[in-house]
Structures are given as structure tokens and as C-alpha cells.
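Written below as C-alpha cells is the structure these notes are about.
None of the figures in this text is laboratory data; all of them are computed from the coordinates on show. In this text, all values refer to a predicted model and were calculated from it rather than measured experimentally. A quick note on method: Cβ atoms are made from the backbone with ideal geometry, for glycine too, and the neighbour counts reach across all protein chains shown.
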Number of protein chains: 2
Amino acid sequence: MEKIKPRTLSGFMELLPEKQAKMERIMETLRRTYSLYGFTALDTPIIEASEVLLAKGGGETEKQIYRFSKGDGDLSLRFDLTVPLAKYVALNYGQLTFPFKRYQIGKVFRGERAQRGRFREFYQADIDVIGDGELSIMNEAEIPAIIYHTFAALGLTEFKIRVNNRKVLNGFFAILGLSDRAADIMHTIDRLDKIGMEKCHRLLVEDGMSEAAAAEIMAFVTTSGTSGEKLEKLGQYGGRNESFDMGLSELATVARCLPEFGVPEKNFEIDLTIARGLDYYTGTVYETTLTEHPEIGSICSGGRYDNLAEYYTDKRLPGVGISIGLTRLFYVLEEQSMLSDEIITAPADVLIIPMTDDLSTAISAATLLRESGIRTQLYTENKKFKAKIAYADRLGVPFAVFIGDDEIKEGVIKVKDMRSGEQFAAAAAGAAVRIKAELVRRGTARVIKG
Amino acid sequence: MEKIKPRTLSGFMELLPEKQAKMERIMETLRRTYSLYGFTALDTPIIEASEVLLAKGGGETEKQIYRFSKGDGDLSLRFDLTVPLAKYVALNYGQLTFPFKRYQIGKVFRGERAQRGRFREFYQADIDVIGDGELSIMNEAEIPAIIYHTFAALGLTEFKIRVNNRKVLNGFFAILGLSDRAADIMHTIDRLDKIGMEKCHRLLVEDGMSEAAAAEIMAFVTTSGTSGEKLEKLGQYGGRNESFDMGLSELATVARCLPEFGVPEKNFEIDLTIARGLDYYTGTVYETTLTEHPEIGSICSGGRYDNLAEYYTDKRLPGVGISIGLTRLFYVLEEQSMLSDEIITAPADVLIIPMTDDLSTAISAATLLRESGIRTQLYTENKKFKAKIAYADRLGVPFAVFIGDDEIKEGVIKVKDMRSGEQFAAAAAGAAVRIKAELVRRGTARVIKG
């Protein structure tokens with residue numbers, strides 16, 4: 001038979017088992033953390049009607065969309081999880097309870113030009129809180145806690161949650177009489193990290209700012225100090241613009257709640273250079289960067305918006321949300337060798353290797369271990385002992401269990417810790433307890449290296 | 001602004017939060033059960049090259065495939081999880097360890113004609129064990145145990161795992177000199193449940209069988225008794241055909257191991273009417289039916305095959321696998337009112353309702369409860385007390401926590417069990433212990449009603 005060459009499309013992540021086990025651990029951690037904050041799971045279709053998905057229309061995204069016809073339907077694959085959420089909330093408005101807090105971890109599709117580290121099919125992990133008409137600032141204040149606990153649960157320590165407020169920015173530009181230039185200015189400011197203070201200042205002047213205005217903008221966005229000190233310095237603009245005052249108060253609320261939410265000072269920063277999508281966000285905005293790898297950019301971003309579903313409904317649905325580009329994050333963590341090899345990635349905790357033809361004792365032992373919650377594989381291939389041990393080694397199982405005539409006679413199983421080489425014999429029930437204790441001990445390892 | 005009517009395409013499942021919570025519980029249970037048997041998680045792309053996905057070509061499936069072009073690529077959405085597995089194993093053959101045991105729970109796509117209970121986008125939950133050149137019969141023997149423990153973990157009690165062996169069938173037809181008629185005969189036998197003994201016999205005769213042959217076929221497929229009795233009756237055909245003898249021995253092995261694997265006799269049956277896809281399976285075949293709802297058909301099926309990836313590689317890769325059509329199963333369970341309302345489907349276990357303007361105590365309590373693993377939502381909207389309680393009711397949270405001036409003064413939180421109405425006050429840490437104990441108690445509820 002002529003063979004078709006098996007291949008996976010470029011731009012599509014497909015992992016070998018050990019790496020997939022790490023990805024699964026990350027997704028499981030996200031589900032658990034999001035659940036701890038009261039977010040409910042949502043699952044929307046991959047395929048939507050193009051008319052619905054592209055209600056907003058235009059933009060760079062549209063060119064990247066996988067769009068096709070089937071029957072008489074004009075269909076598209078979702079390119080983010082926000083538009084499907086907007087559709088879902090508008091469609092089910094009467095049956096949802098607001099504030100509606102949902103998380104969704106799912107694949108989205110963008111036909112981007114293929115390049116290293118860019119994916120055409122990738123996971124996003126989103127959370128959003130949607131209010132009906134209004135939504136308390138406390139929802140914005142809680143977001144840094146969720147970001148912090150998510151990454152801490154994954155094992156990350158060196159990261160910074162950067163927060164700004166769009167009302168503060170808008171108010172500041174209004175005070176300077178530069179409201180209509182805000183987009184251009186923030187675009188320049190966004191490059192500050194890369195081009196430096198001096199060049200940034202020069203570009204502002206070249207753009208038509210006066211030297212004084214450019215200097216004031218530079219001073220503003222580079223306001224330094226602790227969060228408290230930054231807030232105090234920003235106070236000098238107080239009382240001159242309503243939007244600014246409200247934004248400053250919101251920013252102060254967000255910063256003030258951090259200790260009670262358990263967020264360490266070192267993982268948080270007010271960063272006045274952050275704007276994010278000028279036409280969508282209206283309040284607090286978030287970015288999260290790896291302190292030791294700023295070049296990677298933000299690994300978790302989002303913000304407060306006023307109108308989730310304006311293309312579908314007249315209802316005012318303000319919300320706040322963040323998104324993790326999970327596939328890209330995984331790619332980056334792997335490339336930076338930041339994924340831990342301490343966590344158990346083997347398909348099983350125990351490999352049972354029967355040494356007799358009659359497998360009934362081995363099967364009973366497997367059943368007992370599984371009932372104790374121990375992931376157990378029964379090795380039943382007809383191979384030499386050496387091949388069986390090699391199999392256990394290659395899988396990286398924490399424990400091998402041997403059951404031969406002697407063990408059967410004595411009513412025990414022989415357990416070998418594959419890492420330390422230590423062995424012990426015990427009745428299956430007792431062995432299960434010892435194995436489980438060791439697994440619990442090793443289970444505290446985090447998937448990302450601190 | 002003109003609005004686009006929000007809608008979800010027909011044939012695509014999109015659940016409200018409470019139902020989604022049940023679906024999540026089912027998927028979590030499947031992941032855990034599959035893991036207990038040593039299966040590793042796999043995730044393959046939704047989109048594959050059409051050439052690769054359609055290597056087998058032709059057939060009914062091809063018409064249903066979502067196929068489209070993007071750039072210069074001819075792409076298709078996967079229509080099952082078996083073809084991607086074959087591609088994956090052929091592609092990564094050198095890096096996998098055999099037997100390779102994987103599970104995959106993922107969406108597949110088939111553009112079927114829309115009708116009630118039929119889905120165009122649906123989850124499949126598959127497990128497969130793939131051998132390199134050979135694979136022990138014990139892998140086939142373990143499958144009923146996995147099916148049993150999966151459905152038992154979901155809460156199902158009234159189901160039957162029906163098992164047959166293709167070698168037994170092929171051997172039997174060879175003994176009768178009817179090998180070339182086997183497909184037609186099994187097609188008729190497949191309808192036995194619906195049309196009855198008499199009509200089935202008549203159809204066989206109309207198809208050209210002699211009265212004697214038809215009678216022997218009918219007697220064979222309706223062999224009655226316990227598994228042991230059936231195996232004994234089948235013994236009468238022993239020694240006349242090699243395939244039959246091997247199949248009978250395999251069937252005996254599968255049946256013999258059940259008690260040690262913990263599968264109750266009542267959930268297992270040798271059923272000689274089961275054939276399943278005559279050109280693919282070569283050994284044990286499985287179907288699983290709801291005892292009280294036979295009309296639903298099989299909810300978990302599969303079998304042993306000899307060549308997983310023959311379209312991609314010359315390597316002989318025998319395997320055994322089963323598949324659950326998860327979206328359809330969920331639909332059926334819901335329609336039959338078999339989903340339990342006992343499990344907690346609220347987004348949070350605890351809703352904290354602060355009664356003071358200063359939220360710091362409430363935030364600290366939320367942080368503490370979350371650290372104890374309790375899913376906690378902080379209610380911070382500016383509403384009347386009645387509206388806050390109504391919110392807790394609508395979400396169906398098990399516990400509401402009230403923190404007012406009195407509680408703050410006394411250093412306690414007030415906890416209300418929303419089901420019983422009982423209240424108690426305790427320091428947050430102590431309250432967490434009591435709440436958790438009650439959640440553990442309720443957590444034993446299964447998602448499917450027994």
C-alpha cells in the first residue's frame with residue numbers, strides 16, 4: 001500500500017507525552033485556581049456563524065480568520081474567547097445571574113504567517129466578570145490576586161503584575177489638552193522600554209509636542225517609587241479632571257486591597273506606561289511580565305471594559321477580564337528551560353511487572369492500588385525481564401512492583417522506588433499507603449521552576 | 001448601532017452554567033479514571049492537512065468533513081480521534097514507548113444533517129493501547145474493567161458491557177462455509193433486537209441461507225446462560241477452525257479476569273450478536289448499553305484492531321481502544337433525567353456578603369477560605385441585602401458568609417448553610433474546617449443518578 005507521509009501542520013502545537021503531561025498540569029492548575037475565585041466553566045463552540053463572530057467587523061483579525069462554507073452556512077472558527085462570550089451573554093441574558101463570572105480554556109484559531117513561536121491554533125485561558133449595567137471596582141481590585149495566585153500555584157516567583165488605569169491616562173491627557181493625541185502618544189510611550197527615555201522624548205517632540213509637554217508626559221509615565229509613593233505623586237494632578245480623579249481613586253483601591261488578597265508587594269507595580277487597546281478598555285488595565293525575561297512581553301493581560309456585547313444587545317454589560325495565551329506561554333517556558341522536571345510526567349505512578357504466568361494476583365494488586373487512587377499500569381507483554389525493566393525506566397514511573405512466586409506465597413508485593421532504588425515488600429494494602437505517602441510528597445513539586 | 005442577532009449554530013452544544021458544571025464533572029471523572037489505568041493525556045490539533053486526515057479516503061465520513069483552504073493549504077477538521085492518533089504514532093514512532101497508552105478527550109466535527117440529538121461538533125473520549133508489532137490479550141481483558149470503573153465513577157449502576165470476539169465470529173462462519181456472506185449475515189443479526197427471532201431467521205433464508213444454516217446461526221448468536229455457560233456451549237465448535245479456537249480462548253481470558261479486575265458479573269455479558277465494523281476490528285469487540293434504556297444503543301464501544309496506522313507506515317501497530325461519544329451521552333442523560341441534582345453546580349462553595357463599607361475583613365476571610373481550597377466568591381456589588389441573598393439563592397451556593405460590624409468586633413464570620421438554613425459563627429479558620437467537612441460529605445454525590 002502506498003503510504004501518506006504523516007505530518008502535523010506548522011503553527012500547530014502537538015506535544016510528546018511527557019510535555020503534554022506538563023501542559024495538562026498547567027491547565028488543571030488554572031481550572032482549580034479560577035474555580036477558587038468563583039468562576040464557572042464555560043465551553044462554547046469552535047465554529048460559529050461568520051455573521052455573528054465578525055459582528056464587530058474589519059481589523060487585522062479578519063484576514064487571519066479560518067472562514068469557509070458548509071451546506072448553506074458561512075462559518076468561521078473562533079479567533080478569541082471574548083466574542084463568543086459576548087454572544088453567549090447576549091443570547092442567554094435572561095438565564096444568567098449577574099455578576100456572571102466565567103472561565104474558559106479553549107483553542108482559538110488565527111491563520112497568521114508561520115514563524116517560530118507563533119501558533120495558528122492555540123489555547124487561551126480567559127476569565128471575565130460581567131455585570132448587568134454596573135460592576136463594582138472591587139472586581140478590578142481582585143484581578144491582581146487571581147493573577148498572582150495563578151502563577152504562584154504554577155510555581156512562578158519572579159513575575160510582576162503591572163497595573164494602570166485608563167481613566168488616569170485619559171484624564172492626564174485631557175489636563176494637558178492633548179486628548180486627541182492620546183493614541184499616538186501612548187503608542188510612542190509603549191516603546192519606552194525598547195528605545196529609552198531620550199529617544200522617546202525626541203519622538204514626542206517630533207510628533208508636535210512642545211518640549212515642556214513632552215517633558216511632562218515623560219515625567220508622568222516614569223513616576224517612580226512604591227505604589228503608595230506613585231499614588232501620592234499622581235495626587236498633584238487631582239481636582240483638575242473628573243476622569244483623572246476617578247481613575248486615581250480606582251487605582252488606589254486596587255493597590256490598597258493587595259495585602260488582604262495575599263499579593264506580595266514585589267509582585268505588583270503601578271506602571272503608567274501601560275495602555276492596551278485604546279478603544280476597548282475603560283478602567284484598570286493589566287499586564288504581567290517575567291522579571292527575568294522582560295523580552296517575552298506580557299504573559300497575562302486584560303482590563304476593564306464598559307460594553308461587552310454592544311454588537312448584539314442594547315444591554316450595557318460592563319466587565320473586567322484577563323487572558324493567558326497558554327500555548328505561547330508553554331512554548332516560552334519550555335524554550336527558557338523553566339519547566340520543572342521534578343513533577344511526575346509518567347502515565348502511571350506504579351508499573352506492575354508480574355513474574356508468573358498466572359496474573360490473578362497481579363490483577364488484584366492493580367485493582368487495589370487503583371482503588372487507593374494510585375495510577376497503576378499492569379505490564380502484560382510477553383518480554384524478557386530486562387525489557388520490562390527498560391519499559392519502566394523509559395516511562396519514568398516512580399515505582400515498579402514485582403510479583404513472583406515468592407511474593408504470592410508470602411502474600412506480599414515487592415515495591416521498588418525507581419529513583420532511589422530502594423525496595424520493600426509488604427501486603428498490597430500496606431504498600432498502597434506507603435506509595436501514596438511518597439506520591440503526595442512528590443506531588444508538591446510545581447510545574448514551573450521558581 | 002445596528003445589532004447582530006446572537007445565535008449558536010444548530011448541532012452545536014452550548015450549555016448554561018449549571019449544566020456545564022455537570023459536563024465538567026463528567027470530563028474530570030473520565031480523566032481521572034483513564035489516568036488510574038495508566039493512560040497518558042494526548043492533545044492533537046483540530047485542523048490537519050486534508051491529505052493526512054483523509055489518507056484512508058472514501059466512505060460516508062468524507063462527505064461530512066469540514067474541509068477548506070487557507071493560504072495554499074488544503075485543510076480539514078478532525079472527524080474522529082483515531083486517525084489523528086494513527087498519524088501521531090506513525091510520526092513519533094521513534095520517540096514513543098510501546099505499549100503506548102493514551103487517552104484523548106476532544107472535539108470532533110461532522111457536518112451531518114441536523115436533527116434532534118445529533119451534533120456536528122461533539123466530544124469524543126477515547127482510550128487506546130498501541131503495541132509495537134504485538135500486543136498481549138491482557139490489554140483486551142482490561143478494557144471491560146476500565147469501562148466498568150468509568151461508568152461506576154460517574155454513578156451509573158444499570159449498564160451492561162457486552163463483549164464478543166471477531167475471531168469467534170469469523171471462525172464460526174468459516175465452519176459453516178459462509179465466510180463470504182459474513183458481512184450480510186452480521187448486518188441482519190445486528191437488527192435482531194429490533195425485529196425479533198422469527199423475522200431474523202426468515203431474512204437469513206431470504207438471503208439464500210438454507211433453513212438448517214439459518215437455524216444454526218440463530219442458535220449460535222442467541223446462545224444463552226452465564227458467561228461460563230456460553231463459553232462451554234461454544235466449545236462444541238472447538239477443534240474445527242483455528243481462528244475460532246483462538247477467539248474462544250481470548251473470550252475465555254477476558255471473562256475469566258473480570259472478578260480480579262473488580263467487574264461485577266451483572267455488568268458484563270458475552271453477546272455473540274455484536275460485530276462492529278467488519279473491516280477494522282480483529283479480536284475482542286465491546287459495546288456498552290444502559291440496561292433500562294436499550295433504545296439508546298451503545299454508549300461506549302470499541303475493540304481490538306491489527307493495524308492502527310497502515311496508511312502512514314509499514315510498522316505493524318496493533319491496538320485496542322474504546323470511545324465514548326460524550327456530547328451525545330450527555331444529551332441522552334439529560335433527556336432521560338439521569339443527571340443528578342445532588343452535585344454542587346454553583347460557581348462557588350461560599351459567597352461572602354460583606355455588610356460593612358470597609359471590605360478588608362471580608363477580603364481576608366475570602367483569602368483564608370481559598371487557601372483552604374474552598375471556592376469562594378466575594379460579593380461586592382452595591383445592592384440591598386435582599387438582592388444579595390437572592391444572588392446567593394440563584395447561584396445555588398452551598399454556604400453564604402455574612403460579615404458585619406458585630407462579626408468584625410468579635411473576630412468571627414457568620415456562616416449560613418443555604419440548604420438547611422442553619423447558621424453558625426466562628427473564627428474564619430475554624431469555619432473553613434467545618435465548611436470543608438460538609439463539602440467533602442456532599443462531594444461524594446455522583447453526577448449520574450444510580
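Only Lys, Arg, Asp and Glu carry charge here, each on its Cβ (+1 for the first two, -1 for the last two); on that basis region A:387-450 has a dipole of about 500 debye about its Cα centre. Across region B:216-226, rounded Karplus estimates of 3J(HN,Hα) from the backbone phi angles (6.51 cos²θ - 1.76 cosθ + 1.60, θ = phi - 60°) give 5, 4, 4, 5, 4, 6, 9, 3, 10, x, 6 Hz, Gly and Pro being marked x. Both radii are taken from the alpha-carbon atoms of region B:108-225; with Rh as the Kirkwood radius, Rg/Rh is 1.05. Sequence-ordered 3J(HN,Hα) estimates for region A:149-162 from the Karplus curve with 6.51, -1.76 and 1.60 and θ = phi - 60° stand at 5, 4, 6, 5, 5, 6, x, 6, 10, 8, 9, 10, 8, 9 Hz, glycine and proline given as x. Only Cα pairs within less than 10 Å get springs; with that Gaussian network setup on chain A, which residue of A:ASP190, A:ASP245, A:ASP357 has the largest fluctuation? Result for chain A, Cα springs under 10 Å: A:ASP357 fluctuates most. Among B:LEU329, B:LEU81, B:LEU369, the residue with the largest mean-square fluctuation in a Gaussian network model of chain B, with springs joining Cα atoms closer than 10 Å, is B:LEU369. Mean per-residue shielding of peptide A:354-366 is 3, counting Cβ atoms of other chains within 10 Å of each Cβ.
When the Cα convex hull of chain A is projected onto planes of every orientation, the mean area is 29.2 nm². For chain B, the longest principal axis of the C-alpha atoms and the axis of helix B:326-335 are separated by about 70°. For region A:169-264, the Kirkwood hydrodynamic radius comes to 14.4 Å, computed from all pairs of different C-alpha atoms. Where chain A is carried onto chain B by rotation, the Cβ closest to that axis, with its residue and distance in Å, is A:PHE68, 2. Extension gain, B:ALA212 to B:ALA426: 0.36 nm times the residue separation minus the Cα-Cα distance gives 69.0 nm. In this Cβ point-charge picture (+1 for Lys and Arg, -1 for Asp and Glu), region A:159-299 has a dipole of about 120 debye about its Cα centre.
Quick one: if the Förster radius is 35 Å, what FRET efficiency do A:SER10 and B:ASP80 give, using the C-beta to C-beta distance and rounding to 0.05? For A:SER10 and B:ASP80, the calculated efficiency is 0.90. In plain terms, the C-alpha convex hull of region A:350-442 casts an average shadow of 5.4 nm² when viewed from every direction.
Given +1 at the Cβ of Lys and Arg, -1 at the Cβ of Asp and Glu and no other charges, the dipole of the protein assembly as shown around its Cα centre is 120 debye to the nearest 20. Taking the Cα centre of each part, how many Å lie between region A:141-184 and region A:273-329? Each part reduced to its Cα centre gives a spacing of 9 Å. Taking every DSSP helix (H) stretch of at least 4 residues in chain A, weighting each as -39,500 (n - 2.57) and dividing the sum by the residue count yields a mean residue ellipticity at 222 nm of -12500 deg cm²/dmol.
Proximity of backbone amide H atoms, modeled 1.01 Å from N, is registered between A:ALA425 and A:VAL415 at under 5 Å, excluding neighbours fewer than 5 places apart on the same chain.
Here's the list of lysines a cross-link from B:LYS384 could span, going by alpha-carbon distance under 25 Å and ignoring same-chain residues fewer than 8 apart: A:LYS101, A:LYS315, B:LYS409, B:LYS414, B:LYS416. Close amide H contacts of B:TYR103 (hydrogens built in the peptide plane, cut-off under 5 Å, sequence separation of 5 or more or a different chain): B:THR40, B:ALA41, B:LEU42.
Relative to the dominant Cα principal axis of chain A, helix A:385-395 is inclined by about 10°. In summary, the convex hull built on the alpha carbon positions of the protein assembly as shown has an orientation-averaged projected area of 41.6 nm².
Round to a whole angstrom and tell me the spacing of the C-alpha centers of region A:332-384 and region A:423-450. So the separation of the two Cα centres works out to 12 Å.
What FRET efficiency do you get for A:VAL440 and A:LYS19 if R0 is 30 Å and r is their Cβ-Cβ distance, rounded to the nearest 0.05? The calculated FRET efficiency here is 0.80.
Here the simple spin-label model places points 7 Å from the Cα toward Cβ, and for B:ASP358 and A:VAL433 these points are separated by 5.0 nm.
The calculated P(r) of region B:264-334, using every Cα pair and 5 Å bins from 0, goes 3, 13, 21, 21, 17, 12, 7, 4, 1 in percent.
In terms of overall dimensions, the C-alpha atoms belonging to region B:288-416 reach 74, 38, 23 Å along their principal axes, ordered largest to smallest. In order along region A:235-240, the Karplus-derived 3J(HN,Hα) couplings, from 6.51 cos²θ - 1.76 cosθ + 1.60 at θ = phi - 60°, round to x, 4, 8, x, x, 10 Hz, and Gly and Pro are given as x. When A:ASP358 is represented by a point 7 angstrom out along its Cα-to-C-beta vector, the spacings to that point in the other copies are 7.4 nm, nearest first. The modelled label-to-label distance for the pair A:SER69/A:ASP417, using points 7 Å beyond Cα in the direction of Cβ, is 6.6 nm.
So which residue, out of A:GLY225, A:GLY208, A:GLY155, gets the largest mean-square fluctuation from a GNM of chain A using Cα contacts under 10 Å as springs? Highest fluctuation of the listed residues: A:GLY208. With the simple model of a label 7 Å out from the Cα in the direction of the Cβ, B:SER179 to B:GLU335 spans 4.2 nm. With a cut-off of 10 Å between beta carbons, the residues surrounding B:GLY303 carry a summed charge of +1, where Lys and Arg count +1 and Asp and Glu -1.
Take B:GLN64, push a point 7 Å out from Cα through the beta-carbon direction, and compare it with the same point in every other copy: 3.2 nm, smallest first.
At an R0 of 22 angstrom, the distance between the Cβ atoms of A:ARG191 and A:LYS160 translates into a FRET efficiency of 0.70.
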